[in-house]
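Here the structure is laid out as C-alpha cells; the discussion comes afterwards.
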Amino acid sequence: MRVQVVHHQNDLLRVRMQHIHQRFDHLREVLAGTATRHFDAAPAQKRSRDHEQTGCAVADVLAVLAAAVSSFGFVFIHPFGDGNGRIHRFLLHSALARRQYSPPGVILPVSAAILRQKHLYDQALEAFSKPALAATRWEFTADSEIVVSNETAPLYRYFDATPQAEFLYDRLAETIQEDFKEELDFLSIFDACLSAVRAVVDMPDRRASLLVRLCLQNGGRLSNAKRPQFAELTAEEIAEIERSIQALREEAPDNAGAA
C-alpha cells in the first residue's frame with residue numbers, strides 16, 4: 001500500500017513539476033560564473049561620448065544587461081532553500097549601482113515595480129524554466145528524491161537572457177516614468193503642507209511631519225482618535241491646518257495627496 005501511495009505522489013509531482021534545480025555537483029561552478037557576470041563588467045566610463053554618438057549611453061544598456069544576466073542567473077540556479085528571490089533583487093540593484101546606471105545616491109525602486117507586475121515576472125522566469133525542464137533528464141528514486149542524469153550546467157551558463165532583459169528594461173522604465181513621478185509629486189505636496197502647518201503654529205519638524213502625514217492619510221483631516229496626540233493645538237488651529245491641507249490636496253495631481 002505504501003509503495004502505491006508513493007508512486008501516486010510521484011505521478012502528481014511529475015505533472016506539477018515546473019523547475020528542477022541545478023545539479024549539486026555543478027553548483028559551485030555555475031555560481032562562480034554568475035559572480036563573474038556581476039562583478040567583472042566595467043562600470044560606466046564613456047557615458048557622454050556614447051550618448052553623443054548613438055543617442056543612448058551604451059554603458060546604460062550594458063548595465064541593465066549585466067543586472068539581468070547576473071540576478072536572473074542566480075535565481076535560476078536557486079542554490080538556497082529560502083531567500084533566493086531577495087538575493088536576486090539585491091543583485092539586480094547592486095549591478096545597476098556598480099555600473100552607475102542611476103546618479104550617485106539614487107536607488108531606483110525597481111523591486112516595487114517587479115512585485116507589482118508579478119504575472120510578468122513569473123513569465124520571465126518561465127521563459128527559462130520551461131525549456132530547461134524539458135532539456136533535463138530526471139527521475140525519482142525509491143525514496144522520492146529527484147536525480148538528474150544528464151549534463152545541465154550549460155543550461156545555466158549559456159541561457160538566453162533576452163526575455164529577462166526585456167522585462168527588466170520595462171520595469172525600469174515604469175519605475176522612472178511612474179514611481180519617481182508619483183514620489184516627486186507627493187514630496188511636493190508634503191512640503192507645501194508642512195509650510196501650511198508652520199504658517200499656523202510653530203512646532204518641531206518631527207511633530208509637524210507626523211501631523212501632515214496623519215492628515216494626508218485621512219483625506220486632509222486629523223481623525224478624532226489622533227487628536228489627543230496634538231493636545232497643544234487648539235480646535236481653531238487644527239481646523240485651519242485641515243482647510244489648508246485639503247486645499248493643497250485638491251490642487252495636487254492624482255494620487256499625490258495620499259500618504
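Tabulated data for the structure shown
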quantity	calculated
Peptides 89-98, 156-165, 227-236 ordered by average Cβ neighbours within 10 Å, highest first	89-98, 156-165, 227-236
Difference of contour (0.36 nm per residue) and Cα-Cα distance, PHE80 to ASP170	29.6 nm
Calculated FRET efficiency for the pair ILE107/LYS130, C-beta based, R₀ 30 Å, to 0.05	0.40
Nearest-0.05 FRET efficiency for ARG157 and ASP191, computed from C-beta distance (R0 35 Å)	0.10
FRET efficiency for ILE146 and GLN123, using Cβ-Cβ distance with R0 set to 22 Å, rounded to 0.05	0.35
Residues HIS78, HIS119, HIS88, sorted so that the one with the fewest Cβ neighbours within 10 Å comes first	HIS119, HIS78, HIS88
Separation of the GLU183 and ARG213 label points, Cα + 7 Å toward Cβ, nm	1.6
Theoretical gain in end-to-end length, ASN224 to TRP138 [0.36 nm per residue, Cα-Cα removed]	24.6 nm
Check: the stretch 185-251 dipole with +1 on Lys, Arg Cβ and -1 on Asp, Glu Cβ, in debye	300
Chain lengthening between GLN246 and ARG89 when straightened (0.36 nm per residue, less Cα-Cα)	52.7 nm
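Read the figures in this text as sums done on the coordinates, not as results from a lab. Nothing here was measured: the structure is a model prediction, and the numbers come from that model. Using ideal geometry, Cβ is built from the backbone for each residue, glycine included, and neighbour counts are taken over all protein chains shown.
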